[in-house]
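Notes for the one structure printed next.
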Amino acid sequence: MQNYITEVTEEQAKKDLEFIANEMAKADIAYYQNDDPYLTDAEYDELKLKNELLEKKFPHLIRADSPSKKIGAPIKNDFAKVEHKVPMLSLGDIFSEDELIDFVKSVQRFLNTSDDIEMTSEPKMDGLSFSARYENGMLVKGATRGDGKIGEDITANLKTISGLPHFVNAPDFPSVMEVRGEVYMSKADFFALNEKQAAQNKKIFANPRNAAAGSLRQLDSNITKKRNLSLLVYTWGEVSDINWQTQAEFLQRVKDWGFPVNPYNKLCHNLEEVIDSYKILLQTRADLPYDIDGIVYKVNSLELQNRLGFLTRTPRFAIAHKFPAEKAITRINNIRVQVGRTGALTPVADLESVNVGGVMVSHATLHNEDEIKRKDIRIGDYVQIQRAGDVIPQVVSVVKEKRQQNLPEFEFPKFCPECGAHAIKEDDGAVRRCTGGLSCPAQAIERIKHFVSRDAFNIEGLGAKIVEDFYKEKILENPADIFTLEERNDGDDLFSAFGGLQLEQREGWGKKSVDNLFKAIREKTQIDLQKFIYALGIRQIGTATALLIAKNYISFENFKTAMQNEDIQKLLSIDGIGEAMAKDIVEFFKEEHNLKIVDKLLQYVTVKDYEQQEISNSVFADKTIVFTGTLENLTRAEAKALGVKLGAKVAGSVSNNTDYVIVGSDTGSKAKKALELGVKILNEAEFLNLIQTK
Ligand code: IVH
C-alpha cells in the first residue's frame, strides 16, 4: 500500500478515489440495507484505508461523496425515522500495536501530559448498534444508527429482545436516558437459524452479524421475536443528568440498572495493561460464544473525554483496534471429494499448511461443484483463504498471477469416489449425490459416526477410527449392531462360531477399555426422543428440527406411524418444517432397510416420550410461578396446565414467594411488581427454552 501511495499520480488518484467511492457506496447499501455483504470486512477496510491515504496526499481531490464523510448508509423508507439528538458516531480504526501506541501518544499530546491515561478496553461486538430511549424509567423508543443522525424506529423489535428492560426503577436512573449498545446473535443461534432457514428454503445468512441485522430490521416484530437476538450496552446518547464520572462507572451503573454489559470489559491503568488486554482477548476470541472483530479503547475519564472532543465523525477519546484479517495465501496440493452421511459429495482442498490468525490450517472446504467452477479453482493453484467467523476455513479466491501454465481445470467426479455408484445432481441444488445409499461404505460409516456423535447417542469410546475399522471388519455395519456388540463379544450369539469377537484382544485394547465401552453403550439404552430422531440421520434433520418434531409428536411411535402413512399435515404445520424436509422424512421411512434398522434399534433402546422428560427434569418443580400478559404460543389455560405438569404452583399474583414471573406482551402491574421485588422475570421464549433444554 505504501508503495502505491508514494508512486500514485494525481490523475490515477482521482480515478481511484472515484472507484473507491462507488465501491464503498455499493458495499454500504448491501451491508446496511440488504444485510447481504458485497465485500468482505477486510476488503472494505482496505478500501477505506486507501481512500484515507489518498485523501491525505491529495486533499484537493476529496470528493463530495467521499466515504470518509459518511457513516453507514442512507436509510430505507420502510421504517419510521428517529432523529438522534446526540449523533451516533463511528470510531476510527487501528490495526497494530504501533498504531495503538501512537493513539495513546496523541491523546497525551493533546492533553499536554505524560501521565498514564486510564482506558477501558471493551470487546468490539460484531453486530449492529442500537439506541434505546427511556423516559421516567419507561422504554419509549428504540432506533438503529442509520446515518448517525437519523435512524430507523425499531421500538417493537427491540422490545422482543430478552435482557432489555422495558422499565427501570432505580433512584439514580436519569429521567431521560438513552442507552446505546450492540444487538448481536450468538454463534450457536446463528447456526440454528441457518439450519432452520435451509429447511424452509429461505435465505442463508453469511455470518452472525448479517443474521442479527436481518432479524432486527423486520417490519413484523413477530419474526424478530422468533430469532434469538441478544444485546449489550456500552455507551449512552441523550441523558438528562449524567451522574457518572468515568466510562467504567457508567458500565457498572448500567449493569446495576439491569442492562446486559460485556463481562470482558476491562479498566486498564496504563499502556502496558491496554496492550495486554488486546493480547488476552485475541486468545479468548475463538472461545467466545459470539463474534467480535476487535477491541474498543475509550479514555476512562469523562472530563478528559470532553477535553479531547471529536473529529468530524469520530471521537478523539476512543478508537477501534481491529483484529488482523484472518487471511493467508497458500497452495492447493490436492482436491479430495468426500462422501457424507446423506451421499453428498463435498470437495475439500488439501493445503500447504499455513498460519491463519494464529491457527494452523491445512484444509479448506470448497462447498460444492459449482463453487469450484465459479471461482475456477484448480489443483496447484495459489489461493487466498480465510477463517470466517472463526469457524471453517474457506477459499476466497485464486491468485491468478501465480497460476502455473497449463494447469488443468478440476474435473468433478461423476461417480462416487467411495463406491463407484453414479453421482447425480438433483434438479434443485448444487450438490451432487452418490446414489449408492447404504451399499456405499462411506455413507454407511458416516451414518454410524453420526449415530454415536455428541448430540445423538453420544457413545464415548466409539471414535471415528474405531467405527471405520469395525465397519471394514464387518463388526459394525449399521447403528443397531452397536447394541449387540456385547453379546457377540462374549460369543453368546448363536451365530458366532469362533467364540465371539474378543475385542479385548485387539491391539491397544484391553479388558478395561472393552468394559468401559459396553458400559457406555448400556447407559444409552434409554434416550430422549429428540436425540433418537436426530441420531437416525435423516437428511436435513438437525438437532433443532428433531426437537420440534419431538415436541409435536410426543412419542416415537406416533411419529413413525404418521410418517409411514405419509400423514404429513401436522408436520407441515410446524413452524420451521417445510415441504422439502417432510419429503425427506417420508422417504426415510419408506425405505425397507431403514425400517429394519429402526425396528431392530427399538428392541434394545427405550425412547423416552417427550412429556416424560419434561416432568422429570423440570426446573420449575416446587416453584411458584405467575403468568402475565398475552402469550404468543400458549393460551393462558395451556400455560397454566403446563406449569402444573412441570411441578410448579401457578399463582395469580406476584408476592415475595414468587419464584418466576413469565411475561407475554402487554404486561402491566404484575411485571412491574416483579421488578420491584427482584423476582426473576422470563419472557415466553425463555420459559419455553428452559423447558426444552433441561
Ligand atoms: S462505542 C462514539 N463500544 O463499533 C463511540 N462501539 O466502529 C460509539 N461497537 O458503531 C461507539 N462494540 O456499532 C463502542 N464496546 C463498544 C463497541 C462498539 C462494538 C461498534 C458500534 C460502533 C462501531 C464503531
**Message:** Under the rule of at least 5 residues apart or a separate chain, name every residue whose amide H is placed under 5 Å from the amide H of PHE415.
**Reply:** ALA423
**Message:** I need the shape label for region 617-672. Rule: rounded when a/c is under 1.5, else prolate if a/b > b/c, else oblate, with a, b, c from the alpha carbon gyration tensor.
**Reply:** oblate
**Request:** Take the cross-link list LYS70/LYS279; LYS15/LYS70; LYS226/LYS570 and give me the ones stretching past 29 Å between alpha-carbons.
**Result:** LYS70/LYS279
**Complete:** Taking placed amide H atoms and a strict 5 Å upper bound, the residues 5 or more places from TYR134 or on another chain that come that close are VAL140, MET177, GLU178, VAL179
**Item:** GluC sites (Glu not before Pro) lying in DSSP loop within region 564-657, provided at most 15 other Cβ fall within 10 Å
**Value:** GLU566, GLU591, GLU632
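With the Cα gyration tensor of region 565-666 giving a ≥ b ≥ c as the square roots of its eigenvalues, does the rule (a/c under 1.5 for rounded; else a/b larger than b/c for prolate; else oblate) give rounded, prolate or oblate?
oblate
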**Size of electric dipole in the chain: Cβ of Lys, Arg +1 and of Asp, Glu -1, about Cα centre, debye, nearest 20** = 860 debye
**Request:** State whether the chain is rounded, prolate or oblate according to the following rule on the C-alpha gyration tensor (a ≥ b ≥ c being the square roots of its eigenvalues): a/c under 1.5 gives rounded; otherwise a/b larger than b/c gives prolate, and the remaining case gives oblate.
**Result:** oblate
**Asked** Quick one: if you stick a label point 7 Å off each Cα along the C-beta vector at GLU135 and ASN406, how many nm between them?
**Response** 7.8 nm
**Relative contact order (%) - region 574-694, alpha-carbon pairs under 8 angstrom, separation at least six** = 24 percent
**Request:** Would you mind checking the pairs LYS149/LYS672; LYS531/LYS600; LYS48/LYS322; LYS56/LYS149 and listing those with alpha carbons more than 23 angstrom apart?
**Result:** LYS149/LYS672; LYS56/LYS149
**Request:** Kindly express, to the nearest 10 degrees and within the range 0 to 90, the angle between helix 247-256's C-alpha long axis and the longest C-alpha principal axis of the chain.
**Result:** 50 degrees
**Complete:** Length gained, ASP515-THR630, 0.36 nm per residue minus C-alpha separation, equals 36.0 nm
**Asked** Once both labels are modelled 7 Å past Cα along the beta-carbon direction, what's the VAL644-PHE110 spacing in nm?
**Response** 6.5 nm
**Coil-residue chymotrypsin sites (Phe, Trp or Tyr not before Pro) of region 557-651, DSSP, other Cβ within 10 Å capped at 12** = none
**Prompt:** Roughly how tilted is helix 10-28, in degrees to the nearest 10 and between 0 and 90, from the longest Cα axis of the chain?
**Reply:** 50 degrees
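Bear in mind these aren't lab numbers, they're just calculated from the coordinates by the rules spelled out. Because the structure is predicted, anything quoted here is derived from the model rather than measured. Cβ: placed from backbone, ideal geometry, glycine included. Neighbour counts: every protein chain shown.
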